[in-house]
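A.B. asks: I have a structure here, written as C-alpha cells, and I will follow up with some questions on it.
The values are calculated or read from the model by the stated rules, or taken from the named source; none is laboratory data. Here the structure is a predicted model, which means the values were calculated and not measured. Here the Cβ positions follow ideal geometry from the backbone for every residue, glycine too, while neighbour counts run over all protein chains shown. When the accessible area is computed, the model is the full protein with side chains, heavy atoms only, and any ligands, DNA or RNA have been set aside. Shrake-Rupley method; radii C 1.70, N 1.55, O 1.52, S 1.80 Å.
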Amino acid sequence: MTLPTEFDLTIRNGRISTASDTYHADIGVRDGVIVAIGSGLAPGKRDIDAAGRWVLPGGIDSHCHVEQLSGMGMMCADDFYSATVSAAFGGTTTIIPFAAQHRGDLLPEVVADYSKRAAEKAVIDYGFHLIVSDPTEQALKHDLPALIKSGITSFKVFMTYERMKLDDFQLLDVLDVADREGALVMVHAENNDMIRWVARRLAERGMTAPKYHAVAHTPLAESEATNRAVALARMMDVPLMIVHVAGIEAVRVVHSSQALGLPIHAESCPQYLFLTAEDLDLPGLEGAKFCCSPPPRDPESQAAVWQGLLDGTLQMFSSDHAPYRFDESGKLPKGEATTFKDMANGVPGLEVRMPLLFSEGVMTGRMTIERFVALTATNHARTYGLHPRKGTIAVGADIGIWNPERRVTISTAMLHDNVGYTPYEGREVQGWPEIVVSRGRVVVEGGVLDAERGSGRFLVRGTPEPVLRQRLNGNPNALVRKYFGSHPNDE
Ligand code: URP
Ligand code: ZN
Ligand code: ZN
C-alpha cells in the first residue's frame, strides 16, 4: 500500500491524544480527511508546527440549544452563526442542538425550518436531535420513523416544564418508537409536580428571588424522575440517556442502574462542576444569570459529578448551552418584577466547556487527557452515531491544537456568543485551543475566524451505539413481547 504524500494540511511534531492513546506523530490531511499519521510526513500546502502543543479531536457538544424557542416561548440569544463561531473558538467542531417541537407543531415542518436556519449560518458541522413535546399518532407512527431514517437518531423528552412535559404513558410511547426504529431517547428528568408544589408555596410567601429556583427544583425532584425514567426504560427494555445530571442522588440512581447492567447512559455539564446554588444568591436579580434546570447544587453534588465523570457513570460532558440575555428577551421578561418562575432557564457554556474541563480536570492531574477526549468528543460521537468520522483522530479531520501552557482569564468580552455575560467571569483557566480545524479547514487561528457563514454541513447520523449494543445483546423487549407477539403495536 502506498501512503499519500501530498497533503493540503500537515500538523507536525504534535502530541496526539485520543480516548485511548497518546503518542507523538505528524498528521496529513487531504480533501478534508486525515489520510496519514506517521513521522516525517512531507510538508503540506499548509504546514503547522505543533511542537509543544497537544493535538486532540475536535470537541463535540451534543447538548446545546441554538436558535430554539424555549418551553416558555423565548428565543435563544444565539443563532447558528454566533453559536457555531463560539463553539469553534472553544475547540468544539461539531454541535448537536435541538429541532424543538412545541405542542401543535408538525415534526417535519419543525425540522425543515431548523435545517434552513442552520444551513444558512453554521460554520462548523452539526447534527440535530429532536425535542418531542406532542407525541401524536401522526408523530409516533409516521414522522418520527421517517426523521430517524433521515439521520436524526435521538430525541429529547421532558418530564417537567408545563408546556413541554410528557406523562409516563407518552414517555412509554416515545421509548417504544425509539426501540422499533433504532433511536436513543434523552430525558430531562425532574418531577414537575414536586417543583410546582414547592414553587407555589414559595410564591405565596413572597419568596421569588432567583435563589428560590434552586429550592423549588429540589434534588429529590431530579432523583425521583431519574428513577422513574429508568423504570420506564426497563419496562420497554431500551437504552436511555439521562441529560444534565446535577445532584448526588441522581448520580447514585444512574450508578446503581448501571451496576444492575441496565443500559442507562448519562451526561453532566460545567455548571454542575463549577457552580453551586449559592451562586444564585446574589443581590437583586443577578442570580438569574445562574438559573438553569436542574440548578447547580452543593459541593457534595459537585464531588459526585466529578467522580461520575472519572469512573464512567457519566460518559459525556456537554455544555447544555441555553443562551438567554440578562434583559427582557430572556432572564428578565418582567423587568425588576421578574420572579424565578418567569425567567428563561439556562446558562451559556459552549465556548468554555472544553477549556474549563481541560484546566480543572487535566491540568490539575485529576483526569487523564484520554478521559478528557472521551468525555468531550469520542463518547458523544459513539453515543450519537457519528463515530469515527467525528470525535477521534481517524478518518475525519476535526482537530483542536491546544497550548497547555496558555493561561486565559474568562470574560464576556473575549467570548463569541451573543449572551452578554458568562457565569465564569474572571475565572482563570490553563490550556486553550489555539488552532481549530474543521474538516481539514483551519477555522480558528491566532484568535481569528476563517470560515464562511453556511460552510458547516448537516451530519446524517447513524444508529446510536447504545442502541446498537442493546440490539447485539438481543434486546427482546421480553416482558412486553411475551404477551403481544413481536411487538405490542403490531397489528
Ligand atoms: O435550564 C436549562 N437546562 N435550559 C435549557 C433547556 C433544558 O432543559 O435543557
Ligand atoms: Zn433539559
Ligand atoms: Zn438543555
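A.B. asks: Out of R366, R371, R389, report the one residue that is surrounded by fewer than 17 Cβ atoms within 10 Å (Cβ to Cβ) and either among the charged types (D, E, K, R) or touching a residue at least 12 places away in the same chain (Cβ under 8 Å) (or both). Can you show your working first?
C.D. replies: Numbers: R371 fails: surrounded by fewer than 17 Cβ atoms within 10 Å (Cβ to Cβ); R389 fails: surrounded by fewer than 17 Cβ atoms within 10 Å (Cβ to Cβ).
Only one candidate passes the filter, namely R366.
A.B. asks: Every residue in the stretch 274-296 that is open to solvent by less than 10 Å² (accessible area, probe 1.4 Å) and among the aliphatic types (A, V, I, L, M), please. Lay out the reasoning, then the answer.
C.D. replies: Initially, the stretch 274-296 is screened for residues open to solvent by less than 10 Å² (accessible area, probe 1.4 Å), giving 275, 280, 287-288, 291-296.
If the condition is that a residue be open to solvent by less than 10 Å² (accessible area, probe 1.4 Å) and among the aliphatic types (A, V, I, L, M), then L275, L280, A288 are the ones that fit.
A.B. asks: Can I ask one more? Which number in (1) within 16 Å of ligand 2 (Cβ to nearest atom); (2) part of a helix (DSSP H, G or I); (3) hydrophobic (A, V, I, L, M, F, W, C); (4) within 24 Å of T94 (Cα to Cα) marks the one condition that C292 misses?
C.D. replies: For C292, the exception is condition (2).
A.B. asks: What number of residues within the stretch 160-198 are more than 22 Å from Q470 (Cα to Cα), touching a residue at least 40 places away in the same chain (Cβ under 8 Å) and either loosely packed, with under 15 Cβ neighbours inside 10 Å or touching a Lys or Arg at 6+ places or on another chain (Cβ under 6 Å) (or both)?
C.D. replies: Total meeting the criteria: 3.
A.B. asks: Right, here's the next one. Can you name the residue in the stretch 109-141 that is assigned to a helix (DSSP H, G or I) and of a type in the set (D, E) and, of all such residues, is least open to solvent (accessible area, probe 1.4 Å)?
C.D. replies: Kept after step one, since they are assigned to a helix (DSSP H, G or I), are these residues of the stretch 109-141: 109-121, 137-141.
Add one more test, that the residue is of a type in the set (D, E), and what stays is 109, 113, 120, 137.
Values: E109: 122, D113: 75, E120: 92, E137: 126 Å².
Result: D113.
A.B. asks: Pairs only if they're at least six apart or on different chains, beta carbon under 6 angstrom, first in the stretch 229-251 and on the phi > 0 side of the Ramachandran plot, second more than 14 Å from ligand 1 (Cβ to nearest atom) and outside any helix (DSSP H, G or I); list them, first residue then second.
C.D. replies: Short answer, once both residue conditions are applied: D237/N475; D237/N477.
Conditions tested, residue by residue: (1) within 26 Å of A83 (Cβ to Cβ); (2) hydrophobic (A, V, I, L, M, F, W, C); (3) modelled with pLDDT under 95.
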{"site": "G440", "(1), (2), (3)": "yes, no, no"}
{"site": "E445", "(1), (2), (3)": "yes, no, no"}
{"site": "V448", "(1), (2), (3)": "yes, yes, no"}
{"site": "R461", "(1), (2), (3)": "yes, no, no"}
{"site": "L468", "(1), (2), (3)": "no, yes, yes"}
{"site": "N475", "(1), (2), (3)": "no, no, yes"}
{"site": "L479", "(1), (2), (3)": "no, yes, yes"}
{"site": "F484", "(1), (2), (3)": "no, yes, yes"}
{"site": "P488", "(1), (2), (3)": "no, no, yes"}
